[in-house]
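Please read the structure below before turning to the comments.
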Amino acid sequence: PPPQAEVAAERREAAAAAPLAQRLLKYAQEGDTFRTYRTLQKMRDAGEAVSADTYLHIIRAHLRRGDTDGAIEATRHMREHGIKPGAAAFLPILSACASRGDSGEAERVAAEMLNAAVAPTPEIYNSMINAYCRDAGGPRLEKAYGVFMDMAAAGINADAASYTPLFGAFSRLGDGGGIMEVLERVAGDDVSADVNFFTAAVNAYAGLKRDFDHTKSGQRHAHDLAMEVLSRAEEANVVPDEVLCVSIVNALATHGNLKGAQSLLESMERGGLEPSAHVYNPIMHGYARQNKWRQAKQVYARMLRRGVEPSTATFNILLQGARGSNNAAELMKEMRARGLRPDRRTFAILLSYYARGGDVGGVCEVIGAMRKEGIEPDLEVYNTVVHAYGRNADPSGAEQIVRELLDNGCTPSAVTFTSLLSAYARSGDAEGAAGVLRRMRARGVRPNVRTFAALLNAHAASHDEEGARAVLEDMKASGARSNRAVERTLTKLFRGDRRKAEKCLKEIFR
């Protein structure tokens with residue numbers, strides 16, 4: 001391909017030959033605000049029409065650069081030139097604030113809109129609700145409900161899009177009861193809900209990390225409520241599409257109800273809705289997480305019998321549950337036979353598999369295959385390789401990989417240094433392990449409890465009580481707290497005397 005500079009020059013020449021309005025649009029799409037404003041001035045000088053739509057392109061150019069202030073300034077520029085900005089000018093700015101979870105900035109935009117005497121539209125109100133629900137500091141539900149009151153006062157009825165952000169807010173708070181209340185409120189207010197609304201509700205339930213209690217229905221599980229959402233969708237005469245069904249299957253599988261997920265799959269098949277790989281994948285993933293390899297393979301076989309083509313994601317799931325290198329090799333062979341290319345996730349799974357066993361040869365072989373696919377190793381990959389050398393008690397090999405990652409512009413993390421330190425510790429080189437800790441701190445990387453546990457292991461191997469105590473004192477000074485790995489290592493240090501290990505920890509961490 002031609003050099004990037006040549007491509008940019010050709011684009012500029014093509015833009016210069018185009019009409020001014022087209023040039024402005026092109027520059028705006030590239031986020032080039034300087035050329036956009038310069039072209040705007042040329043349009044004025046040439047007497048060409050400048051409309052609110054012209055400024056809308058400029059506003060979007062600022063937002064592409066993440067420049068909210070510049071976008072607001074563009075609306076002021078409009079007013080200075082006699083063009084009244086409408087709600088359409090402020091809506092993309094509010095949407096950008098909501099997507100960033102910056103409700104404070106959204107409030108500033110709303111105030112600017114009121115100063116311009118622009119009446120809020122339903123879309124404006126919905127964007128404000130979304131901003132409050134997605135706030136980075138945590139959902140601001142009291143503010144969101146305040147917007148609903150403002151809508152009612154303005155004579156604007158809330159629609160399904162108004163309520164949808166509340167699902168995500170309650171999911172973040174772990175409040176399943178709140179999700180149910182939103183569903184009941186929408187049904188009670190006779191709001192017309194579409195399939196996207198119910199899909200958002202199911203995804204909110206899937207995001208819950210624990211079971212919860214709801215006063216009206218007693219103790220329930222998130223997967224039961226996900227099925228209830230499907231029932232409510234049918235009551236509202238909403239025909240479930242594959243996206244909604246995938247969300248429900250995912251919610252069931254996430255919370256361990258794999259039989260329920262399979263039952264829904266069968267209902268879809270009986271109902272004439274042909275599921276794609278997106279429906280089968282969550283069920284296989286659920287079995288893989290439970291280490292039920294045979295059941296995951298049965299779902300895969302059923303999928304093939306239905307004539308459904310597997311995807312790369314399908315094979316990644318199966319690889320996660322594969323037991324033994326023979327199974328992994330067979331899956332990779334079948335994957336390639338079906339014309340599917342492994343992605344970064346595929347290689348990450350294989351690397352993790354070999355690294356756990358300390359199989360350095362297998363790890364290097366996977367990296368070679370990655371490079372053949374045009375995928376260069378990143379920090380996560382390098383960390384996996386260093387971990388493999390650590391498991392193999394090979395500090396020399398681990399050091400070589402660390403040098404390579406530095407040469408390729410990667411910055412070593414706490415995981416990198418901990419794995420490297422572990423390589424020295426497993427080889428019995430306590431001084432080398434301590435040297436890694438010094439290098440780690442010199443680079444401004446903070447050691448964690450796993451780092452200290454690995455260093456402690458080096459002293460435990462030689463039953464060096466004095467060195468171990470020094471590590472624990474350093475650990476305390478660094479603010480790290482003891483965990484079971486540290487307790488086990490200390491027990492090993494004191495030749496299986498658990499009481500002595502507990503006493504040592506109490507003396508230091510009291």
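The values are calculated or read from the model by the stated rules, or taken from the named source; none is laboratory data. The structure presented is a predicted model; accordingly, all values stated were derived computationally and were not measured. Every residue, glycine as well, gets a Cβ built from its backbone with ideal geometry; the counts of neighbours run over all protein chains shown. For the accessible areas, the whole protein counts, side chains as well, though only heavy atoms, and no ligand, DNA or RNA atoms are used. Shrake-Rupley method; radii C 1.70, N 1.55, O 1.52, S 1.80 Å.
For Arg446 and Ile83, compute 0.36 nm times the residue count separating them, minus their Cα-Cα distance, and round to one decimal in nm.
Values: separation 363, 0.36 × 363 = 130.68 nm, distance 5.47 nm.
Once the chain is fully extended between Arg446 and Ile83, it gains 125.2 nm.
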Practice problem: Could you state the angle between the C-alpha long axis of helix 430-442 and the longest principal axis of the C-alpha atoms of the chain, as a value from 0 to 90 degrees rounded to the nearest 10? | Solution: 20
Quiz item: If you count, for each residue, the other Cβ atoms within 10 Å and average over each peptide, how do 137-146, 393-402 line up from highest to lowest?
Solution: 393-402, 137-146
Practice problem: Calculate one ³J(HN,Hα) per residue across segment 484-495 by plugging θ = phi - 60° into the Karplus curve 6.51 cos²θ - 1.76 cosθ + 1.60, and present them in order as whole Hz with x for glycine and proline. | Solution: 5, 4, 5, 4, 5, 5, 5, 4, 5, 4, 8, 6
Quiz item: Among [x] 48, 24, 22; [y] 39, 26, 22; [z] 49, 34, 28, which one is semi-axes √(5λ) of the Cα gyration tensor in Å computed from these coordinates?
Solution: [z]
Quiz item: Which angle from 0 to 90°, rounded to the nearest 10, does the C-alpha axis of helix 379-391 make with the longest principal axis of the chain?
Solution: 10
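Per residue, what accessible area does the chain have, given a 1.4 Å probe and all protein chains present, in Å²? If you can, show how the numbers build up before the last one.
Numbers: 25600 Å² over 510 residues.
Dividing the accessible area of the chain by its residue count gives 50 Å².
Nearest 500 deg cm²/dmol is fine: what mean residue ellipticity at 222 nm does the chain get from its DSSP H runs of n ≥ 4 alone, each adding -39,500 (n - 2.57), divided by its residue count?
Details: 29 runs with 369 residues, N = 510.
After summing the helix terms and dividing by residue count, I get -23000 deg cm²/dmol.
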Exercise. Whenever you get a sec, compute what percent of the accessible area on segment 224-339 sits on carbon and sulfur atoms (1.4 Å probe).
Key: 47
Quiz item: How large is ³J(HN,Hα), in whole Hz, for each residue of segment 37-45 in order, when computed from phi with the Karplus curve 6.51 cos²θ - 1.76 cosθ + 1.60 and θ = phi - 60°, using x for Gly and Pro?
Solution: 5, 5, 5, 4, 5, 5, 4, 5, 5
Quiz item: Using the alpha-carbon centroid of each, what span in Å lies between segment 79-147 and segment 346-363?
Solution: 49
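How large is the dipole of the chain about the Cα centre if only Lys and Arg carry +1 and Asp and Glu carry -1, each at its Cβ, rounded to the nearest 20 debye?
Numbers: 67 positive and 63 negative charges, 390 e Å.
Dipole size: approximately 1880 debye.
Apply 1/(1 + (r/R0)^6) to the Cβ-Cβ distance of Lys259 and Lys492, taking R0 = 41 Å, and write down the FRET efficiency to the nearest 0.05. Working shown, then result.
Details: r = 43 Å, r/R0 = 1.05.
After rounding, the FRET efficiency stands at 0.45.
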Quiz item: Hey, what angle do you get for helix 141-153 against the long axis of the chain, alpha-carbon based, 0 to 90 degrees rounded to 10?
Solution: 10
Self-check item: Cα-based reach from Lys333 at 25 Å (exclusive), listing lysines while leaving out same-chain residues under 8 positions away
Solution: Lys292, Lys297, Lys372
Self-check item: Simple label model, 7 Å out from Cα along Cβ direction - Gln298 to Leu505, nm
Solution: 4.2
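With an 8 Å Cα cut-off and a minimum separation of 6 or more residues, compute the relative contact order for the chain in percent.
Working: 655 pairs, mean separation 24.9, N = 510.
Reported as a whole number, the value is 5 percent.
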